[in-house]
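Trainee: Take a look at this one; I'll ask things after.
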């Protein structure tokens, strides 16, 4: 019988010079140690960059990985840090008209606070937007954001290309809650809620491990 490898998840923050080839040098070290990189974020402030990695390692001591990263030319520091998942947790994105977005956010933030004090980590991001093309592009971009669990569309009228975008992101596994509004977006969403505050509350309940709300049992329903 063969034991399974001891795979652990790590987050590493590297401070390095902002110059060509730096990312290649860092990822080569990680690859040499058998690390599987699951997320990278780069924040540039001349003349240095902050390069954040989330990765998994099989049995390799992270101290040795950090030591080898510090040896890369141009690196001034490499340290283990809490992951974004531990700090910010699951994300809920609310986008649409400013007034409706604000009311959805009020419900979501209040409900998230109730679960976060019990050990959850749920954050709420808002994007007030107008215009079919802008909203459709924003909806499609959500699946490229890390840790997003649910998108809430809040507005008075949405349809056309926005509804097409909702269908596309749902095919990628993203759940979409829509306010009860004019247009075809409510028909394309997983769930339709009339009250914006309640929509925010239900979005949080759907992703919280400390809640018993099962969104899968509410698909294609209207409230």
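Since every read-out is calculated from the coordinates, none of them should be taken as a lab result. A quick note: this is a predicted structure, and the numbers were derived from the prediction, not measured.
Trainee: Against the longest principal axis of the chain, how steep is helix 22-32, in degrees 0 to 90 to the nearest 10, with axes from Cα atoms?
Mentor: With both axes taken from Cα atoms, the answer is about 80 degrees.
Trainee: Next up: For a bin width of 10 Å, list the pair-distance distribution of the chain built from all Cα-Cα distances, rounded to whole %.
Mentor: 8, 28, 25, 21, 15, 3, 0
Trainee: Could you tell me the extents of region 7-83's C-alpha atoms along the three principal axes, largest first, rounded to whole Å?
Mentor: Taking the Cα atoms of region 7-83, the three principal extents are 35, 22, 16 Å.
Trainee: Quick one: in region 139-194, what % of C-alpha pairs are over 14 Å apart? Mind dumping the intermediate values first?
Mentor: On the way: 675 of 1540 pairs.
Value for region 139-194: 44 percent of Cα pairs lie more than 14 Å apart.
Trainee: Based on alpha-carbon centroids, what's the gap between region 52-92 and region 137-205 in Å, whole number please?
Mentor: With region 52-92 and region 137-205 each reduced to a Cα centre, they are spaced 34 Å.
Trainee: Output the Cα-based Rg and Dmax of region 70-140 in Å, rounding Rg to one decimal and Dmax to a whole number.
Mentor: Cα radius of gyration and Dmax of region 70-140 are 17.7, 52 Å respectively.
Trainee: Now for a separate question. Okay, helix-only estimate at 222 nm for the chain: each DSSP H run of n ≥ 4 adds -39500 (n - 2.57), divide by all residues, round to 500 deg cm²/dmol; what do you get?
Mentor: Details: 8 runs with 80 residues, N = 223.
Calculated at 222 nm, the ellipticity per residue is -10500 deg cm²/dmol.
Trainee: With everything on Cα atoms, drop me the angle between helix 132-141 and the longest principal axis of the chain, reported from 0 to 90° to the nearest 10.
Mentor: So the inclination is approximately 40 degrees.
Trainee: From zero up to wherever the largest Cα-Cα distance of region 95-223 sits, split into 10 Å bins and tell me the percent of pairs in each.
Mentor: Percent of Cα pairs in each bin: 14, 49, 33, 4, 0.
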